[in-house]
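K.L.:
Dumping the structure here so I can ask a few things about it.
The values are calculated or read from the model by the stated rules, or taken from the named source; none is laboratory data. Bear in mind the structure is a predicted one, so any value in this text is a computation, not a measurement. All Cβ positions, even for glycine, are placed from backbone atoms using ideal geometry, and neighbour counts span all protein chains on display. Areas reflect the complete protein model, heavy atoms only, side chains present, ligands, DNA and RNA absent. Shrake-Rupley method; radii C 1.70, N 1.55, O 1.52, S 1.80 Å.
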Amino acid sequence: MGKKTLEGKLNSPLYRYSKLAFDLLMLNIIFILVSVLSLFVLFFPSLVSLHTIINNIINDKDDENVYKTFFLEIKRQWSFSWRIEVLGMIILLIIGVIIYFDFVVIVNTKVSYIGYISLCFIIPIFLVLLSIFINLMLFNNYYKDDTFMMMIQKSALISLKKKLLTFINLIIFICFFVILFFIPYIAPFISFSFYIYIIEAINRKAFIEISNNEKERALMVENLFLPMVIEEKDK
C-alpha cells in the first residue's frame, strides 16, 4: 500500500511540476555561475547547452542528472557553440558601440535627430538578427546535419516564413528583457531557463515539422549523392 502511494505521488502532476521547477531553477543558477565565472566566454555555449537540455525535458528525453548533462552538452556541442559565441559577441559588440555613439549624439549635440534616425535603422536590424539567432538555437535541437552557414541561412528562412511565430518569439524576448531591467537583482536567478522553456515549448510543434521536412528533402533522389561526394572530398 505504501509503495503504491509513493508511486502515485511520484507520478502526480504536483510532483512532476515541482521537479520541473526545481530543475529549471538549478539549471539557471548553474548557467549564470558558468557564464560569470568564465567572464562570459562560455555564455553562448552555456545557452546552447541550456536549450538542448530543456528541449530534451519537453520531449521526455531528460535523464536523472540534468546538471551533469549541462557540462557534457557544452563539450559535445563545442564545434557549434564556439561559432555561436564568436557570432553573438561580434553582433552584441557592434550594436552596443553604435547605440552608445547614438546616445552620445542625442545627449551632447544639437543634431540629436541624427541619433534618433540611426536608431530607427538599428532597432529593426537588431530584431531581424535576434529572430535569426533564436531560430538558430531552436533549429540546432532538431536538425544537426547542415554546415553552420547553412543553418544560419535556414534560420533566416524560418524567420521569414514563420512570421507569426517569429513575432511571438520577439514579444516573449522583449518581456523577458523588461523583467530583467525592472527586477535586476532577482529576475536573473529565475529567468533564463524559464524563458528558454517557454520558447522551446511554443516552437516545438513547428520545428518538429521543419525537421521532418528536412529529412524528407535529404532523401530526394537529387540529394542522395551528396554524402558520397562529401566522403570523396574527405579522402
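K.L.:
Tell me the volume per residue, in Å³, of the convex hull enclosing the alpha carbons of the stretch 36-157. Write out the running numbers ahead of the final one.
P.N.:
Details: hull volume 15.1 nm³, N = 122.
In the stretch 36-157, the Cα hull volume divided by residue count equals 124 Å³.
K.L.:
If each residue of separation counts as 0.36 nm, what is the full-extension length gain between Ile98 and Asp146 once their alpha-carbon separation is subtracted? Write down the numbers at each step before the final one.
P.N.:
Working: separation 48, 0.36 × 48 = 17.28 nm, distance 3.25 nm.
Answer, rounded to one decimal: 14.0 nm.
K.L.:
Also, quick follow-up: Using a 10 angstrom cutoff on alpha carbons, build the Gaussian network for the chain and name the most mobile of Glu73, Glu214, Glu200.
P.N.:
So, out of Glu73, Glu214, Glu200, the one fluctuating most is Glu214.
K.L.:
Which residue, Tyr197, Tyr67, Tyr100, has the most motion in a Gaussian network model of the chain that connects Cα atoms within less than 10 Å?
P.N.:
In the Gaussian network model the winner is Tyr100.
K.L.:
In square angstrom, rounded to the nearest 10, how much accessible surface does Ile123 have for a 1.4 Å probe?
P.N.:
Around 90 Å² of this residue is reachable by solvent.
K.L.:
Then there's this: Using only Cα atoms, locate the centre of the stretch 115-181 and the centre of the stretch 196-212, then give the distance between them in Å, rounded to an integer.
P.N.:
14 Å
K.L.:
Mean-square fluctuation check for the chain, GNM, Cα pairs under 10 Å: which of Lys215, Lys61, Lys110 is largest?
P.N.:
Per the Cα network of the chain with a 10 Å cutoff, Lys110 tops the list.
K.L.:
Can you report the principal axis dimensions of the stretch 55-106 using only the alpha carbons, biggest first, rounded to whole angstrom?
P.N.:
Projected onto the principal axes, the Cα atoms of the stretch 55-106 cover 53, 22, 16 Å.
K.L.:
Got a sec? Charge dipole of the chain, +1 on Cβ for Lys and Arg, -1 for Asp and Glu; which of Cys120, Leu164, Ile210 is way out at the positive end?
P.N.:
Leu164
K.L.:
Distances longer than 13 Å among the Cα atoms of the stretch 78-146: what percent of all pairs is that? Before the final figure, lay out the partial values.
P.N.:
Values: 1658 of 2346 pairs.
Roughly 71 percent, rounded to a whole number.
K.L.:
Right, something else. Mind pulling up the Rg/Rh value for the stretch 114-166? Radius of gyration and Kirkwood radius, both on Cα. It would help to have the intermediate numbers written out before the result.
P.N.:
Values: Rg = 13.2 Å, Rh = 11.9 Å.
Reported Rg/Rh (Cα atoms, Kirkwood Rh): 1.11.
K.L.:
Which of the helices in the chain, when you take each full DSSP H run, stretch at least 15 Å along the axis at their Cα atoms and have an average Kyte-Doolittle score of 0.5 or higher? It would help to have the intermediate numbers written out before the result.
P.N.:
On the way: long enough: 13-37 (36 Å, 1.46); 43-58 (22 Å, 1.33); 78-108 (44 Å, 1.88); 112-139 (40 Å, 2.27); 148-161 (20 Å, 1.00); 163-182 (28 Å, 2.65); 188-218 (42 Å, 0.01).
Those that pass (Cα extent of 15 Å or more, hydropathy at least 0.5) are 13-37, 43-58, 78-108, 112-139, 148-161, 163-182.
K.L.:
Note the full-extension length gain between Leu160 and Tyr185 as 0.36 nm times their separation in residues minus their Cα-Cα distance, in nm to one decimal.
P.N.:
On the way: separation 25, 0.36 × 25 = 9.00 nm, distance 3.59 nm.
The Leu160-Tyr185 span can extend by a further 5.4 nm.
K.L.:
While we're looking at this one, here's another question. Mind checking the stretch 139-179 for trypsin sites (Lys or Arg not before Pro) that DSSP puts in a loop (not H, G, I, E or B) and that have at most 15 other Cβ atoms within 10 Å?
P.N.:
Details: sites: Lys144, Lys154, Lys161, Lys162, Lys163; in loops: Lys144, Lys162.
Sparse-neighbourhood loop trypsin sites (Lys or Arg not before Pro): Lys144.
K.L.:
While we're looking at this one, here's another question. Relative to the present Cα-Cα distance, how much length would full extension add between Ser18 and Asn213 at 0.36 nm per residue of separation?
P.N.:
Details: separation 195, 0.36 × 195 = 70.20 nm, distance 3.55 nm.
Length gained between Ser18 and Asn213: 66.7 nm.
K.L.:
Let me ask you something else. Would you calculate a helix-derived [θ] at 222 nm for the chain, using -39,500 (n - 2.57) for each DSSP H run of n ≥ 4 and dividing by the full residue count, to the nearest 500?
P.N.:
Values: 10 runs with 194 residues, N = 235.
That calculation yields -28500 deg cm²/dmol at 222 nm.
K.L.:
Now a separate question. Using +1 on the beta carbon of Lys and Arg, -1 on that of Asp and Glu, and nothing else charged, what's the dipole of the stretch 67-223 about the Cα centre, debye to 20? It would help to have the intermediate numbers written out before the result.
P.N.:
On the way: 14 positive and 10 negative charges, 27 e Å.
That gives the stretch 67-223 a dipole magnitude of about 140 debye.
K.L.:
Could you compute how fast the chain diffuses translationally, taking Rh as the Kirkwood radius over C-alpha pairs and applying Stokes-Einstein at 4 °C with viscosity 1.567 mPa s? Give it in µm² per second. Intermediate results must be reported in sequence, preceding the final value.
P.N.:
Numbers: Rh = 20.3 Å.
Rounded, D is 64 µm²/s.
K.L.:
If you average the sequence gap of Cα pairs under 8 Å that are 6 or more apart and divide by the length of the chain, what percent do you get for the contact order? Present the calculation step by step, with values, prior to reporting the outcome.
P.N.:
Working: 160 pairs, mean separation 53.6, N = 235.
After rounding, I find 23 percent.
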